[in-house]
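To keep things clear, I will list the structure first and then write my remarks on it.
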Amino acid sequence: MKRLLGLLLMVGILGVPLFALAAPSAANSGADAPKLDNRLDAASSTLENIMHVPVKGIPYSIAQHARCVIVVPGLFKGAFIFGAEYGQGVATCRTDHGWSGPVFVRMAGGSWGFQIGGKGTELVMVVTDKRGLDDLLSDKFTIGAGASAAVGPVGRTANASTDITMRADILSWSRSKGLFAGVDLKGVSVSQNVADTAEFYGSVHPFRQILAGDVRSPASADEFLHTVERYFGAARRYEDNH
């Protein structure tokens, strides 16, 4: 028993989340097609859950100008001495001929804490400008180190020209156990899940190519893309300096 407690304490001190010990093998291997389709369905449900309450949804004035949308059906946060987040998400970007095919991303990060257990959070992130888009197109980026993030304002008619939306490259909205609440994403990394994306499309394509709308997405992505279009609008052309 003493040896077990010692091992657990050592894991915490080294900053390695217990549940993350098993995560890399799952994260680095491609999921099968049904699991990816289920993830897209879960992403659609997450959007519905967050947007169906008008006073808590993403304001239309922000949604209609979104460059990209990242949906994480379950961001799990747990801790044993060291707190950590881990989640699998789906991203799509607006192009001048509609929303791009989806790509799969991972989120991981940590913050010191003493809570024990885990909590699943539905999360939607909106990329608002070119800097956030450029980070999304990179292999991996850490929120706060490059692109800045902030909890987005709520309400379909909320004014998007507030200081917080003008300062942040990425805005987030979250929901946990039916309750709407902000989640601090600073220090969380977002990385490309190349294996799952290649599995979904049948071959490897650069994320930049897919998110530019140059790769035709499988029919199983249609419901997710239709849900995004319903809440965020259709095509939009952006200038490079915006």
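The values are calculated or read from the model by the stated rules, or taken from the named source; none is laboratory data. What you see is a predicted model; the values in this text were computed from it and never measured. For neighbour counting, all protein chains shown are included, and Cβ atoms are generated from backbone atoms with ideal geometry for every residue, glycine included.
The residues of the range 31-68 that are at pLDDT 85 or above, of a type in the set (D, E, K, R) and surrounded by fewer than 17 Cβ atoms within 10 Å (Cβ to Cβ), listed by number, are Lys35, Asp41, Glu48. Of all residues in the range 32-55, those that are within 18 Å of Phe200 (Cβ to Cβ) have Cβ atoms under 7 Å from Cβ atoms of residues that are of a type in the set (A, V, I, L, M) and in a helix (DSSP H, G or I), 6 or more apart or on another chain, in Leu40/Ala221. Scanning the range 210-225 for residues that are within 13 Å of Phe104 (Cβ to Cβ) and surrounded by 19 or more Cβ atoms within 10 Å (Cβ to Cβ) returns Ile210, Leu211, Ser217, Ala221, Phe224.
What helices (runs of 4 or more DSSP H) completely inside the range 110-203 contain at least 2 residues that are in contact with a helix residue (DSSP H, G or I) (Cβ under 8 Å, 6 or more places away or on another chain) and either closer than 30 Å to Ser220 by Cα or at pLDDT below 80 (or both)? If you could, list the steps in order and put the result at the bottom.
Numbers: elements: 130-137, 163-167, 194-201.
In the range 110-203, the matching helices (runs of 4 or more DSSP H) lie at 130-137, 194-201.
What are the residue pairs meeting all of these: first residue in the range 185-199, first residue more than 24 Å from Gly152 (Cα to Cα), second residue small (Gly, Ala, Ser) and surrounded by fewer than 15 Cβ atoms within 10 Å (Cβ to Cβ), Cβ atoms under 7 Å, and 6 or more apart or on different chains? Hits for this filter: Ala195/Ser29; Glu199/Ala33. The set of residues in the range 204-224 being hydroxyl-bearing (Ser, Thr, Tyr) and either in a loop (DSSP other than H, G, I, E, B) or under 16 Å from Cys93 (Cβ atoms) (or both) consists of Ser217 alone.
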